Amino acid sequence: MKIHSLVAIVSCYLVVTVFTSCATKKELIYLNGTTNTADAEFKWSEMYLQPNDIVSVKVTSDVPELAAAYNISPLQQNALQGVQLQLQGYLVANDGTVNIPVLGVQKIGGLTLEQAEKQVQQALIDKGYLKNPVVVCRLLNAKFTVLGEVKVPGTYTFYENNLTLLQALGLAGDLTINGVRKKITIIRTENGKQTYGTIDLTKNDWFNTPFYFVKPNDVIIVDPNTAKVKSAGVIGNPGNLISIISVLLSSIIIIKNI
């Protein structure tokens, strides 16, 4: 009788373990129930320059020789990568300023890249340095960090003005099978303030939220699911525990029948 009771208890445990460890299809598939949203309003994201950003400022004009004085390095050196590329830019100071050769100090902190381009361009015209200057600004050290249940967690650098959350997760190798798709946490520091957001990747209602696009210094956290947490806990891997219980039950039954 005791053996039958023990078998019943173990059977119940096995059933509960199986059902709590299994994930449904809706929990694994991105953008469930997505419909045609071709006519939906869509807004591109703007990146605002802030202290410690490294910005490339390239100036050209009708007379290349005159424009060269405002550039850190010759314009033809456009094949640099990584740290070498960052050394060709300007570090935005804590007060939001950069010091451009000849032109002097320009306050670009809090501006978008387009606004910074227009400000430098107008300063060159107002001071009579160049007649038809063209200014191109690019952020050289934009980066984001992905932690948790992705295939390749780490910090990544990007040069696009608009990088989506899905693209960022793709750079990290996508979520593992143990990643919780219904709760992606984004920590964002912008304009001296820290904000938090939670995204459900199985839906599409976050497309027009501030967290659709990744911003510089974002931290993306993917939580582990219940099965992964259990396997890392005191109980250990449920599969191993089931094997041990099965061996114990078999041993009890054999001893009982001897």
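The values are calculated or read from the model by the stated rules, or taken from the named source; none is laboratory data. Bear in mind the structure is a predicted one, so any value in this text is a computation, not a measurement. Side chains included, ligands, DNA and RNA excluded: accessible areas come from the protein's heavy atoms. Shrake-Rupley method; radii C 1.70, N 1.55, O 1.52, S 1.80 Å.
A 1.4 Å probe, protein heavy atoms only, puts the accessible area of residue 95 near 90 Å².
You can think of it this way: the chain between residue 159 and residue 200 has 12.2 nm of extra reach, that is 0.36 nm per residue less the Cα-Cα gap. Taking segment 84-185 as the region of interest, the number of lysine pairs whose Cα atoms are within less than 26 Å, with members eight or more places apart or on different chains, is 12. Taking 189, 198 and ordering them by how much accessible surface each has at a 1.4 Å probe, largest first, produces 198, 189.
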